[in-house]
Amino acid sequence: MQRHRPASACGETTFSGHIVAVARSQDHGAFAALFAHFAPKLKTYFRKFGMVDGEAEELAQETMILVWRKAPLFDPARSMASTWIYAIARNLRIDAFRRNGAHANEVSAAEPFQTQDDAPDAEMQLTTAAHQALLHKAMHLLPQEQAQVLQLCYFSDRSHSEVARDLGIPLGTVKGRLRLVMARLRRALEE
Amino acid sequence: MKAVNGAADGTIRHHPSEETLVSYAVGGLGPAAGIAVKAHLLYCRHCRATTALAVAAGGLLLLDLPPSPLAPGALQQTLDRLGGTKAAQMRETPAQPARLRPPGAAAALSWLGLPAPRLRWVSPGVRVAVLLRESGGAQGGKALLLLRVRPGVALPTHGHAGTERTCVLEGAFADEGGRYGIGDLAEAEGGYNHRPVAEGPADCVCLIATSGRTHFAGTLGKLVGAWLKI
Ligand SMILES: [Zn+2]
């Protein structure tokens with residue numbers, strides 16, 4: 001189903017295959033390949049949220065442990081490997097943030113708050129290597145000011161108001177740029 | 001996310017803004033607002049697609065991040081930490097039912113991982129439960145409330161410092177912004193003063209995520225606000 005892999009597909013098919021191999025046969029080789037590619041990037045991801053080296057390393061490893069454990073839940077027909085791993089890392093970051101001093105007692109109600117499980121919908125059809133390549137290309141072609149807002153929204157704790165303040169632009173401009181990005185991504189998939 | 005498809009889809013008229021969905025996708029909304037948006041996603045295919053796209057963008061941005069050098073032996077350390085866990089033995093919570101009609105508030109709350117609330121009387125025709133309270137934050141506290149309002153009953157006129165997000169789980173309400181039915185999400189920016197009224201025939205049950213201080217007008221409103229501590 002995902003055999004034909006465009007050269008620009010960032011190895012998406014390979015990564016998906018590795019996760020499936022981990023699920024099927026606890027394949028250490030496949031896990032090592034995933035680790036080599038993702039763990040260093042995950043560490044950068046966590047560092048961007050202000051974590052010190054040791055903490056970022058720890059969470060990068062924890063993310064990969066969850067990749068191993070949750071592999072049976074990965075469905076290559078429903079999700080891209082990068083999306084799936086990103087969501088795991090994001091949830092770990094949210095949990096770590098809550099555990100840390102910054103927002104201690106943030107949730108005072110005695111309720112089992114669950115982190116998001118917003119696995120992409122099958123109907124979205126974002127799963128093939130070709131789709132990923134189209135999206136990725138569109139993201140690389142974003143105007144600089146849109147890419148900058150995107151980076152700050154995805155890789156920092158800043159609210160949209162804080163992003164606006166830091167960039168010295170109106171809040172409406174931040175929101176507008178995000179909408180433009182989403183519109184471009186949608187168009188890219190329609191091509 | 002599986003969803004309450006079918007009947008509900010296509011009847012949704014009020015959606016969160018695209019920026020809100022991006023915030024949700026990056027995990028930046030916080031629990032209270034996050035749950036209100038997640039409730040809307042149960043009903044809205046359109047916003048699920050947008051969210052999926054925003055999460056996919058996150059995955060691609062992750063791929064483009066430069067690598068940070070790992071500690072020596074990081075892979076081996078991680079493999080050791082896997083211990084004897086067999087991946088295939090891992091089983092998570094059962095999938096949500098794909099359909100449930102009518103999708104009542106109780107079902108929606110259980111899908112959202114929220115306990116059955118104990119609603120308390122706050123004013124004639126209005127019962128409320130505080131599902132969770134976040135403290136701190138630049139704009140003051142945030143809270144997630146569940147309201148059950150009798151048809152024809154108006155909530156106290158109120159305004160708020162931060163954005164308020166309301167997702168209808170049963171019934172409907174109307175305010176200056178329009179009519180909101182099951183699955184609709186009303187997103188009110190700070191400073192907006194409104195006076196929602198529940199519409200018949202049945203009770204309106206909704207989740208409300210407040211952020212920043214909420215200001216109620218009138219004596220009744222002040223009582224409600226004092227009780228809710230929002
Ligand atoms: Zn929607």
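The values are calculated or read from the model by the stated rules, or taken from the named source; none is laboratory data. No experiment lies behind these values; they were computed from the predicted model shown. Cβ sites come from the backbone with ideal geometry, for glycine too, and all protein chains shown count toward neighbours.
Between A:Val163, A:Val181, A:Val149, which is surrounded by 19 or more Cβ atoms within 10 Å (Cβ to Cβ), more than 9 Å from chain B (Cβ to nearest Cβ), closer than 30 Å to A:Thr13 by Cα and among the β-branched types (Val, Ile, Thr)?
Working: A:Val163 fails: closer than 30 Å to A:Thr13 by Cα; A:Val181 fails: more than 9 Å from chain B (Cβ to nearest Cβ).
Unique residue meeting the criteria: A:Val149.
Let's see how each residue does on (1) modelled with pLDDT of 95 or more; (2) crowded, with 20+ Cβ neighbours inside 10 Å; (3) of a type in the set (Phe, Trp, Tyr); (4) within 15 Å of the chain's Cα centre (by Cα):
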site	(1), (2), (3), (4)
A:Ala7	no, no, no, no
A:Ala30	yes, yes, no, no
A:Ala33	yes, no, no, no
A:Ala39	yes, yes, no, yes
A:Lys43	yes, yes, no, yes
A:Gly50	no, no, no, no
A:Ala56	yes, yes, no, no
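Considering only the stretch B:54-71, I want to know if a residue exists there that is at pLDDT 85 or above and within 16 Å of the ligand (Cβ to nearest atom).
yes
Of all residues in the stretch B:48-83, count the ones that are in contact with a Ser or Thr (Cβ under 9 Å, 6 or more places away or on another chain) and not aliphatic (A, V, I, L, M).
The total comes to 5.
With the requirement that a residue be of a type in the set (A, V, I, L, M, F, W, C), more than 7 Å from every other protein chain (Cβ to nearest Cβ) and more than 11 Å from the ligand (Cβ to nearest atom), what does the stretch B:26-38 give you? Reasoning before the result, please.
Of the residues in the stretch B:26-38, the ones of a type in the set (A, V, I, L, M, F, W, C) are B:26, B:29, B:32-33, B:35-37.
Applying the additional criterion that residues be more than 7 Å from every other protein chain (Cβ to nearest Cβ) yields B:29, B:32-33, B:35-37.
Within the stretch B:26-38, B:Leu29, B:Ala32, B:Ala33, B:Ile35, B:Ala36 meet the criteria.
Residues of the stretch A:168-191 being among the charged types (D, E, K, R) and within 24 Å of A:Gln132 (Cα to Cα), which ones? So that I can check it myself, show each step before the final result.
Within the stretch A:168-191, the subset among the charged types (D, E, K, R) is A:175, A:177, A:179, A:184, A:186-187, A:190-191.
Passing the criteria: A:Arg177, A:Arg179, A:Arg184, A:Arg186, A:Arg187, A:Glu190, A:Glu191.
Restricting the search to the stretch A:41-57, which residues are in a helix (DSSP H, G or I) and either outside the structural domain of A:Thr83 (by TED's automatic domain parsing) or of a type in the set (A, V, I, L, M, F, W, C) (or both)?
Initial filter on the stretch A:41-57 (in a helix (DSSP H, G or I)): A:41-48, A:53-57.
Correct list: A:Leu42, A:Phe46, A:Ala56.
Determine whether the stretch B:147-165 contains at least one residue that is within 16 Å of the ligand (Cβ to nearest atom), outside any loop (DSSP other than H, G, I, E, B), of a type outside the set (Phe, Trp, Tyr) and at pLDDT 85 or above.
Yes.
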